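K.L.:
I have a structure I would like to understand better, so I am pasting it below and will then ask my questions one at a time.
What follows is calculated from the coordinates using simple rules that are stated; it is not laboratory data. Everything quoted here is computed from the prediction, not taken from an experiment. Glycine gets a Cβ as well: all are built from the backbone with ideal geometry, and neighbour counts include every protein chain shown.
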Amino acid sequence: MISTADFKNGKIIVQNGELMEIVEFQHVKPGKGGAFVRTKLRNALTGRVLEKNFRAGERMEEARLEEEPYQFIYSDGDVYHFMHRDTYEQTAVGGGVVGDKSIYLKENCPVGLVFYQGKVLMVNVPVQVDLQVTECAPGVQGDRSTGGTKSATVETGATIQVPLFLNEGDVIKVDTRTGEYIERVT
């Protein structure tokens, strides 16, 4: 059991039998009446967002999640296949669970599969991944000092804004939380 004082963005609680992720919260102390916590909750399975107020100090159940080390093997349409790094057990996960993180998955990429009561709830990709640029406009002499950006397509099919000096074949480091270019690796 956790209290409203333990709320953090990203924490998952059980609310009315459903898993709800705390998207944002705010402690409110009005001039009249008791303090409360205004929250925005997202259903971890359906993605539905709702707003709910809790009394300050109210207690609720925290979801017990287990994260296991896996590695991405391949995708077969809308099904993604992962292998446990210790037991070599394979698990297939639907595209709805993987969501928009699929644009950062390439073969042998280490991931964490998060389980709730034996069912895969979400896929955690590394914070930074190295991806090869497969398609981008060539850099023009003189554009190197302007600090501008251009669109580039990487090996997984994602489109990322990169500096003008990058070319096809370069390997770049990408932040998976924001989808932004970090640096050139080679």
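K.L.:
Work through the residues other than Gly94 whose Cβ is under 15 Å from its Cβ and net out their charges, Lys, Arg +1 and Asp, Glu -1.
P.N.:
Around Gly94, the charge tally is -1.
K.L.:
Out of the GluC sites (Glu not before Pro) in the stretch 1-55, which ones are loop residues according to DSSP with at most 13 other C-beta atoms within 10 Å?
P.N.:
Passing both the DSSP loop test and the Cβ count: no residue.
K.L.:
Under 19 Å between alpha carbons, and skipping anything fewer than 8 positions from Lys52 in its own chain: which aspartates and glutamates qualify?
P.N.:
Of all the aspartates and glutamates, those that pass the test against Lys52 - Cα under 19 Å, at least 8 places apart if same chain - are Asp6, Glu18, Glu21, Glu24, Glu61, Glu62.
K.L.:
Oh, and also: Restricting to DSSP H runs of at least four residues, report the calculated mean residue ellipticity at 222 nm for the chain, -39500 (n - 2.57) per run over all residues, nearest 500 deg cm²/dmol.
P.N.:
So the calculated ellipticity at 222 nm is -500 deg cm²/dmol.
K.L.:
Which value in Å does the Kirkwood hydrodynamic radius of the stretch 66-124 take, with 1/r averaged over all unlike C-alpha pairs and then inverted?
P.N.:
The answer is 11.2 Å.
K.L.:
For an R0 of 35 angstrom, estimate the FRET efficiency from the Cβ-Cβ distance between Val171 and Asn16 and round to the nearest 0.05.
P.N.:
Result of the calculation: an efficiency of 0.15.
K.L.:
Contact order normalised by length for the chain, with contacts defined as Cα pairs under 8 Å and 6 or more residues apart; what percent is it?
P.N.:
13
K.L.:
Let me spell out the model: positive unit charges on the Cβ of Lys and Arg, negative unit charges on the Cβ of Asp and Glu, origin at the Cα centre of the chain. What dipole size does that give, in debye rounded to 20?
P.N.:
1100
K.L.:
Where Rh denotes the Kirkwood radius from the mean inverse Cα pair distance, what is Rg over Rh for the chain?
P.N.:
Result: Rg/Rh = 1.09.
K.L.:
If you average over every viewing direction, what projected area does the convex hull of the Cα atoms of the stretch 2-62 give, in nm²?
P.N.:
If you wrap the Cα atoms of the stretch 2-62 in a convex hull and average its projections, you get 3.8 nm².
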